[in-house]
Protein chains: 2
Amino acid sequence: MTNKVQGQAIPDEEKRLERQLCFAVYATAHAFNRAYKPILDRFGLTYPQYLVMLVLWEKGCLPVKTIGEQLDLDSGTLSPLLKRLEQAGLIGRARDPKDERQVIVSLTEKGAGMKCQVNTIMSAIGEATGCDMDEVANLRDRLQRLRANLTAE
Amino acid sequence: MTNKVQGQAIPDEEKRLERQLCFAVYATAHAFNRAYKPILDRFGLTYPQYLVMLVLWEKGCLPVKTIGEQLDLDSGTLSPLLKRLEQAGLIGRARDPKDERQVIVSLTEKGAGMKCQVNTIMSAIGEATGCDMDEVANLRDRLQRLRANLTAE
DNA sequence: CACGATTTAATCGTGTACAATATATTTTTG
DNA sequence: CAAAAATATATTGTACACGATTAAATCGTG
């Protein structure tokens, strides 16, 4: 016998990698990345960069802080990523005159013009998932609840 | 009108970040990582390192290749990760005498002894997910199907 | 048996992630 | 109003992740 105090002992079968929800999420995230790569390569974007562009296409100019809240990423990740998007000519960055602490990220002409490619990208990925709209919605909603639980510490 | 040829145009509402299944997966993977961090820190493990240990606890000695197949990671990721596990004294690495191309990864005494901590780790994470066993199984199976679809290119 | 093709790991370069720290700019308070 | 606290971003160090390349060993076919 291995464990009695802290709840039930978990049977070995349940400890297998394939049974872990965390691994299913982890491996699916990688699979999505790989599915996106050939599509996004055509636009010179990485997947996290594409997410930033999605937020900007949806909401327009935003401070770094807000982008970070949307994507759940901190400045240590976003600063270099935004620098690369700026070098690619897709976004601009400027200190907010009202509050010099903030850096406002905006779309350039080139970055805004790229928005019309979203249909192509989302259609290709939608195809690759092999899921109908109900299954996508089901899975997405379950994941959102799970994420909220995990974050609620 | 934006798009008629390539299937239907996707309404703007569907393009929002929160509606994307890929982002739900991406953000949940990060949330899992953060939930694991304080637990795994106590054992000096990162989350990917923990996954490698899970595989070794389950199957014993394995070549790098097989570990990569289990986790869907390549040698560019595993080589440095395994080197750190070796430096931490949890695993050993040795060329297979039968086939010198292969490196067999094995558990040290210390690494094998750590297995009894799995109950604690999995219980803590299970708690953090806030999901009952049915919901975990449901979500895991849906993700496994999704991953298979995405990988089937 | 030889020699080219394949297999297996390691290495290198680029790009996330994140904790910890640094810096500059508000905002709050004594 | 000045010092302290809070806020926003950038930087640094460590650790994945992956494509591309390299190097060593084995295999396959002539």
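Every number in this text was worked out from the coordinates using simple rules, so none of it is lab data. Everything quoted here is computed from the prediction, not taken from an experiment. With ideal geometry, Cβ positions are generated from the backbone for all residues, glycine too; neighbour counts draw on all protein chains shown.
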Original post:
Which of the listed residues, A:Leu139, A:Thr151, B:Gln8, is farthest toward the dipole's positive end in the protein assembly as shown, when Lys, Arg count +1 and Asp, Glu count -1 at the beta-carbon?
Top reply: A:Thr151
Subject >> FRET E, pair A:Glu58, B:Glu58, Förster distance 51 Å, beta-carbon r, rounded to 0.05 >> reply: 0.75
**OP:** State, to one decimal in nm and shortest first, how far the label point of A:Ser75 sits from each corresponding label point in the other identical copies (label point: 7 angstrom along Cα-to-Cβ).
**Re:** 4.2
**OP:** Give me Rg over Rh for the protein assembly as shown, both radii from the alpha carbons and Rh done the Kirkwood way, two decimal places.
**Re:** 1.01
**OP:** Going by the rotation axis that takes chain B to chain A, pick out the residue of B with the closest C-beta and quote the gap in whole Å.
**Re:** B:Ala29, 2
Subject >> Relative contact order [Cα under 8 Å, 6+ residues apart], the range A:1-112, whole percent >> reply: 19
Original post:
What residues from the range A:59-90 fall in the zone where the backbone N is under 16 Å from a label point 7 Å along the Cα-to-C-beta line of A:Gln102?
Top reply: A:59-70
Original post:
Can you list, shortest first and in nm, the gaps between the label point of A:Arg16 and those of its counterparts in the other copies, using a point 7 Å from Cα in the C-beta direction?
Top reply: 4.1
**OP:** Take the Cα radius of gyration of chain A and divide it by 2.2 N^0.38 Å, with N its residue count; two decimals is plenty.
**Re:** 1.33
Subject >> Calculated label separations, A:Ala94, copies of the chain, 7 Å along the beta-carbon direction, nm >> reply: 6.6
Subject >> Label zone at A:Arg19 (point 7 Å along Cα-to-Cβ), backbone N below 16 Å, the range B:35-56 >> reply: B:54-56
**OP:** Provide the packing ranking of A:17-25, A:65-73, i.e. peptides ordered by the mean count of other C-beta atoms within 10 Å per residue, highest first.
**Re:** A:17-25, A:65-73
Original post:
How much length is gained on full extension from A:Arg95 to A:Asn149, taking 0.36 nm per residue of separation minus their Cα-Cα distance?
Top reply: 15.9 nm
**OP:** Would you pull out the residues with amide H under 5 Å of B:Ile104's amide H, same chain only if 5 or more places away, H placed 1.01 Å from N?
**Re:** B:Ala94, B:Arg95, B:Asp96
